[in-house]
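*Asks:* Attaching a single structure in structure tokens format; questions to follow.
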Amino acid sequence: MDNKRRIELRVNGTMRQLEVEPNTTLLEVLRDEMRLTGTKRGCDQGHCGACTVLLNGAPVNACLVLAPMADGKDVETIEGLESSGGMSAIQSALVEEGAVQCGFCTPGMVLSAKALLAEKPEPSRLEILEALSGNLCRCTGYERIVAGVQKAAGLLKGRGGRHD
Ligand code: FES
Ligand code: FES
């Protein structure tokens with residue numbers, strides 16, 4: 001019997017309709033069907049945060065969200081942050097602060113940071129650490145990432161909150 005269900009997602013501003021099995025995850029939809037491979041598959045169990053995307057603006061582990069649960073919602077992936085082919089303010093700030101080494105954790109970090117800065121444009125160090133606590137990084141020791149988010153906050157303030 002065909003259990004597939006039709007769902008509709010707005011992914012990076014574009015409406016997408018697709019048919020999914022009930023147990024298909026949002027991560028599988030993004031990476032395997034839409035080829036948005038900027039969203040990383042690390043543990044696939046909700047531990048590492050590499051698969052972080054924004055669902056209606058809030059960070060979620062895409063490996064833990066069943067695609068039918070995302071029906072009708074807005075999804076933002078790292079590909080959605082690029083503007084005019086360049087890096088967003090958060091991405092630039094992380095690169096400038098040396099916060100990107102192997103880069104595997106970076107897309108998830110960027111999206112968690114984006115959600116934080118949308119809510120708290122001038123976060124404290126503790127607030128940054130809390131917001132990124134679900135995103136594991138094996139390379140940087142986190143200090144450069146915190147510095148990058150602080151720099152991004154300053155950049156965004158100077159741009160009136162625009163992320164491009
Ligand atoms: S791949 Fe989803 S939390 Fe690790
Ligand atoms: S830069 Fe390698 S895991 Fe974070």
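*Asks:* Enumerate the pairs (first residue in segment 32-43 and open to solvent by less than 50 Å² (accessible area, probe 1.4 Å); second residue anywhere and in a loop (DSSP other than H, G, I, E, B) and away from ligand 2 (no atom under 14 Å from the Cβ)) with beta-carbon separation below 7 Å, excluding pairs fewer than 6 apart on the same chain, so at least 6 apart or on different chains.
*Replies:* So the pair list comes out as Leu36/Thr77; Gly38/Thr77; Thr39/Thr77.
*Asks:* I'd like to check something: does segment 88-104 contain any residue that is touching a residue at least 40 places away in the same chain (Cβ under 8 Å) and in contact with a His (Cβ under 6 Å, 6 or more places away or on another chain)?
*Replies:* Yes - at least one qualifying residue is present in segment 88-104.
*Asks:* Let me ask something else. Can you tell me which residue in segment 84-116 is surrounded by the fewest Cβ atoms within 10 Å (Cβ to Cβ), limited to those that are under 12 Å from Pro59 (Cα atoms) and touching a Gly at 6+ places or on another chain (Cβ under 6 Å)?
*Replies:* Selected residue: Pro107.
*Asks:* Filter the strands (runs of 3 or more DSSP E) completely within segment 2-90 down to those with at least 2 residues that are β-branched (Val, Ile, Thr).
*Replies:* Of the strands (runs of 3 or more DSSP E) lying wholly inside segment 2-90, those with at least 2 residues that are β-branched (Val, Ile, Thr) span 5-11, 14-20, 52-55.
*Asks:* Residue by residue through segment 117-158, note down the ones that are in contact with a Cys (Cβ under 8 Å, 6 or more places away or on another chain) and open to solvent by 70 Å² or more (accessible area, probe 1.4 Å).
*Replies:* Leu136, Arg138
*Asks:* Among (1) away from ligand 2 (no atom under 16 Å from the Cβ); (2) closer than 15 Å to Leu111 by Cβ, which single condition is Gly42 missing?
*Replies:* Looking at each condition in turn, Gly42 falls short on (1).
*Asks:* Go through (1) surrounded by fewer than 23 Cβ atoms within 10 Å (Cβ to Cβ); (2) more than 19 Å from Ala153 (Cβ to Cβ); (3) touching a residue at least 12 places away in the same chain (Cβ under 8 Å) for Thr14 and report which single condition fails.
*Replies:* Only one criterion in (1) surrounded by fewer than 23 Cβ atoms within 10 Å (Cβ to Cβ); (2) more than 19 Å from Ala153 (Cβ to Cβ); (3) touching a residue at least 12 places away in the same chain (Cβ under 8 Å) is unmet by Thr14, namely (3).
The values are calculated or read from the model by the stated rules, or taken from the named source; none is laboratory data. None of these values were measured; they are calculated from a predicted model. Please note: Cβ atoms are built from the backbone with ideal geometry, for glycine as well, and neighbour counts cover all protein chains shown. Just so you know, the surface numbers come from the protein's heavy atoms only, side chains and all, with ligands and any DNA or RNA stripped out. Shrake-Rupley method; radii C 1.70, N 1.55, O 1.52, S 1.80 Å.
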